[in-house]
Amino acid sequence: MKRITVLLAEDHMIVREGFRKMLDLEDDLEVVGEAQDGRAAVALAKKFHPDVVLMDIAMPLLNGLEATRQVLKAVPATKVLMLSAHSDDAYVKNATDSGAVGFLLKQTSAHDVCRAIREVQNGKTFFSPSISRRQDRINPPLHDRAGLFKKKAAELTSREMEVLQLIAEGKANKETAAELGIGIKTVEKHREHLMAKLDIHDTAGLTRYAIGAGVIESSVQLTIV
């Protein structure tokens with residue numbers, strides 16, 4: 001029997017270990033690698049060509065949305081299942097727009113996680129039951145609870161997504177430039193392009209957008225003024 005190979009991408013070690021122990025109990029599933037940030041997930045996907053990636057939506061260095069885009073560009077046959085503690089409609093939509101074929105809440109049962117891996121490997125989609133029930137009722141374009149998404153057609157480039165994440169994490173232009181290995185003026189240009197594409201013209205607004213999109217997570221309730 002050919003085993004389904006799985007890459008775990010999750011920045012919290014205790015959660016990652018829990019998934020590994022759960023999957024190790026299944027005869028047809030094999031964990032081939034573990035990543036604690038998005039960049040490592042992309043590198044390991046290129047190395048191992050896993051059948052399925054369990055991808056946390058919010059990770060350091062590179063978030064799960066952009067990591068998914070990069071993984072699928074490098075290894076098109078891989079299927080990505082997005083993981084999150086949040087089930088906001090905007091999170092789900094952004095995950096599927098990035099190429100994920102399923103969305104699992106972290107409190108999803110072990111049975112459903114294993115079932116999800118098998119189903120997406122067989123060409124199907126899979127959403128946690130509570131999300132699936134809600135998706136069946138949704139036809140209009142999705143918006144998050146704070147109304148941060150305005151049905152924009154503009155697509156951010158991979159580099160712009162990386163810059164957005166670092167801005168939202170509170171990094172200054174100099175720190176962002178060092179992290180990405182680019183010049184400060186280049187960072188400033190990317191920042192300008194982000195603001196123009198999103199029609200958001202301050203750092204606080206970009207941060208709120210990033211939180212609403214699932215690029216980063218925040219335990220603080222958003223307040224839009």
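The values are calculated or read from the model by the stated rules, or taken from the named source; none is laboratory data. Predicted, not measured: the structure shown is a model, and the values here were computed from it. Neighbour counts are summed over all protein chains in view; Cβ atoms, including those assigned to glycine, are modelled from backbone coordinates with ideal geometry. Just so you know, the surface numbers come from the protein's heavy atoms only, side chains and all, with ligands and any DNA or RNA stripped out. Shrake-Rupley method; radii C 1.70, N 1.55, O 1.52, S 1.80 Å.
Scanning segment 78-87 for residues that are in contact with a helix residue (DSSP H, G or I) (Cβ under 8 Å, 6 or more places away or on another chain), modelled with pLDDT under 90 and open to solvent by 10 Å² or more (accessible area, probe 1.4 Å) gives a single hit, S87. Out of all the residues in segment 86-101, is one or more without any contact (Cβ under 8 Å) to a residue 40 or more places away in the chain and on the phi > 0 side of the Ramachandran plot? Looking through segment 86-101, at least one residue is without any contact (Cβ under 8 Å) to a residue 40 or more places away in the chain and on the phi > 0 side of the Ramachandran plot.
Residue-by-condition table, conditions (1) open to solvent by 30 Å² or more (accessible area, probe 1.4 Å); (2) out of contact with any Leu (no Cβ under 6 Å at 6 or more places or on another chain); (3) farther than 21 Å from R39 by Cα:
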| position | (1), (2), (3) |
| --- | --- |
| A172 | yes, yes, no |
| A177 | no, yes, no |
| K189 | yes, yes, yes |
| L198 | no, yes, yes |
| D202 | yes, yes, yes |
| L206 | no, yes, yes |
| A210 | no, no, no |
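The selection criterion, being among the aliphatic types (A, V, I, L, M), open to solvent by less than 40 Å² (accessible area, probe 1.4 Å) and free of Cβ contacts under 8 Å to residues at least 40 places away in the same chain, holds for V75.
For segment 37-72, the set of residues classified as touching a residue at least 12 places away in the same chain (Cβ under 8 Å) and more than 13 Å from the chain's Cα centre (by Cα) consists of A40, L44, A45, K46, K47, F48, H49, P50, D51, V52, listed by residue number. Note on segment 1-19: among residues that are over 15 Å from the mean Cα position of the chain (by Cα) and closer than 22 Å to K124 by Cβ, the one that is most open to solvent (accessible area, probe 1.4 Å) is M1.
Could you list, ordered by first residue, the pairs with Cβ atoms under 7 Å in which the first is in segment 1-24 and over 18 Å from A41 (Cα atoms) and the second is of a type outside the set (S, T, Y) and part of a loop (DSSP other than H, G, I, E, B), at least 6 apart or interchain? That search, which allows pairs on different chains as well, returns M1/D28; R3/D28. Can you find a residue in segment 20-30 that is among the acidic types (D, E), more than 20 Å from the chain's Cα centre (by Cα) and crowded, with 16+ Cβ neighbours inside 10 Å? Yes, segment 20-30 has at least one match.
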